[in-house]
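Undergrad: Pasting a structure here, questions to come.
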Amino acid sequence: NNLPAPIGRNYQSELRLIPGFTVTGGGAVRGSNPSAAFTVYVNGTASQENNVRIDGATAANNFNTHLTAYIPGLEAIQTVETVTSSSDASAGLAAGASINVQVKSGANQVHGSAFEYHNDNALKARPALFPIGQGKPKTIFNQFGGTVGGPIRRDKLFYFLSYDGLLS
């Protein structure tokens with residue numbers, strides 16, 4: 001919750017903090033877009049050797065097996081668990097890493113969250129190698145969204161909604 005999230009708010013960018021992980025490419029701004037997936041190498045293994053699961057279901061892209069097919073929005077994720085070595089049978093199909101993403105769910109009380117990430121020219125420095133007198137390139141970026149979850153029928157049926165939006 002307290003780690004700074006880069007533009008795109010993709011949980012895979014935070015995997016760089018784990019020893020043995022190399023994260024490259026991808027990272028499109030829209031998290032639910034398959035092109036948002038990063039290529040992840042773990043302890044020297046090929047990127048196809050990882051298994052990413054969302055709520056226990058494999059999330060492999062059928063055409064690019066080294067990419068994850070769906071990236072949940074950062075606000076919708078409850079936990080991310082990684083196993084890189086000495087794994088048991090529950091972390092199968094993974095010679096490199098087993099990454100299990102748990103998505104939040106509804107509860108007996110209404111809970112939610114909201115966020116906005118804003119960036120524009122006033123917040124950015126002038127690039128160091130620009131000629132003197134040349135203005136900064138135009139930059140406007142607004143990413144926003146939130147989540148809400150609660151009961152439909154107490155102790156029986158729940159709802160959870162997540163939304164990520166982008167204006168640039």
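The values are calculated or read from the model by the stated rules, or taken from the named source; none is laboratory data. Not measured: the values here are computed from a predicted model. Cβ atoms come from the backbone with ideal geometry, glycine included; neighbour counts cover every protein chain shown. When the accessible area is computed, the model is the full protein with side chains, heavy atoms only, and any ligands, DNA or RNA have been set aside. Shrake-Rupley method; radii C 1.70, N 1.55, O 1.52, S 1.80 Å.
Undergrad: Starting from the Cα gyration tensor of the chain, take the square roots of the eigenvalues, sort them a ≥ b ≥ c, and report rounded, prolate or oblate (rounded when a/c is under 1.5, otherwise prolate if a/b is larger than b/c, else oblate).
TA: Oblate, since a/c reaches 1.5 and b/c is not below a/b.
Undergrad: What does DSSP give for segment 31-168 in terms of the percent of beta bridges that are antiparallel, rounded to the nearest 5?
TA: Rounded to the nearest five, the antiparallel share is 90 percent.
Undergrad: Sticking with this one: Just check segment 105-168 against the gyration tensor rule for me: Cα atoms, a ≥ b ≥ c as the square roots of the eigenvalues, rounded for a/c under 1.5, and otherwise prolate or oblate depending on whether a/b exceeds b/c.
TA: It comes out prolate by the Cα gyration axes.
Undergrad: If we sort 50-56, 129-135, 16-22 on the protection proxy, mean other Cβ atoms within 10 Å, highest first, what's the order?
TA: The densest-packed peptide leads the list: 50-56, 16-22, 129-135.
Undergrad: Let me ask another. Just the number, please: carbon plus sulfur as a percent of the accessible area of the chain, 1.4 Å probe, no ligands or DNA/RNA counted.
TA: 54 percent
Undergrad: How do 144-154, 64-74 rank on mean C-beta neighbours within 10 Å, highest first?
TA: In descending order of packing, they fall as 64-74, 144-154.
Undergrad: Averaged per residue, what accessible area in Å² does the chain show with a 1.4 Å probe, protein chains only?
TA: Counting only protein heavy atoms, the per-residue value for the chain is 61 Å².
Undergrad: Against the empirical 2.2 N^0.38 Å scaling, what ratio does the C-alpha Rg of segment 54-116 come to?
TA: Dividing the Cα Rg of segment 54-116 by 2.2 N^0.38 Å gives 1.34.
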